[in-house]
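The values are calculated or read from the model by the stated rules, or taken from the named source; none is laboratory data. Not measured: the values here are computed from a predicted model. Methodologically, a virtual Cβ is constructed for each residue, glycine included, from the backbone with ideal geometry; neighbour enumeration extends over all protein chains shown. Just the protein is used for accessible areas: all its heavy atoms, side chains included, with ligands, DNA and RNA removed. Shrake-Rupley method; radii C 1.70, N 1.55, O 1.52, S 1.80 Å.
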Amino acid sequence: IREPAAFREAIDLMTEPFRDAKVEIVVGMESRGFIFSAPMALHLDAGFVPVRKLGKLPAETISVEYELEYGTDLLEVHRDAFVLGEKVRIVDDVLATGGTALAAWDLLERAGAEVVGFECVVELAFLGGRDLLGSRPVGALLVVP
């Protein structure tokens, strides 16, 4: 992302498959997901909503607790972030074990969104995150076997 041309190309490649999908909101995962999701939202003429760790959002939130390899964590989103049935795409930098992605997916559906997929820059396939997400649509620019 330090190189403007490479950063622009990453954003373009991650955005292109959804130009005709009528994505209304791009959701960025704390914190590196924000780097990619915000410009993607602009390219798609969509809104941007952050999913953050506990206590970082200013308004009323809903949260989900999820398992990590070393314990548990919480994710939050504003309670009023979505209009019921709004089409959203989740964006993060890395898909590893899939726990964070699955928790975010569940959280957004509870908040009323229709999640149409998860997009990341790098997928660490050897950690099985895509398997945890089951049949949910997942995209990655680079897959590390």
Exercise for the section: Consider just the alpha-carbon atoms of segment 1-104 and return their Rg together with their Dmax, both in angstrom. Expected result: 14.1, 40
Exercise for the section: Using amide H atoms built 1.01 Å from N in the peptide plane, name the residues 5+ places from residue 48, or on other chains, whose amide H lies under 5 Å from its own. Expected result: 26
Completion exercise
Among 142, 7, 96, the residue whose Cα sits farthest towards the positive end of the charge dipole of the chain, when +1 is placed on the Cβ of each Lys and Arg and -1 on the Cβ of each Asp and Glu, is 7
Problem - Sites matching chymotrypsin sites (Phe, Trp or Tyr not before Pro) across segment 68-145 that sit in DSSP coil, with at most 11 neighbouring C-beta atoms within 10 Å - result: 70
Practice task
Could you size up the charge dipole of the chain around its Cα centre, putting +1 on the beta carbon of Lys and Arg and -1 on that of Asp and Glu, and report it in debye to the nearest 20?
Solution key: 160
Fill in the blank from the handout: With every protein chain kept in place and a 1.4 Å probe, segment 35-145 has an accessible area per residue in Å² of 49
Completion exercise
On the accessible surface of segment 50-145, probed at 1.4 Å with all protein chains in place, carbon and sulfur together account for a percent value of 54
Handout entry: GluC sites (Glu not before Pro) lying in DSSP loop within segment 100-140, provided at most 10 other Cβ fall within 10 Å
Key = none
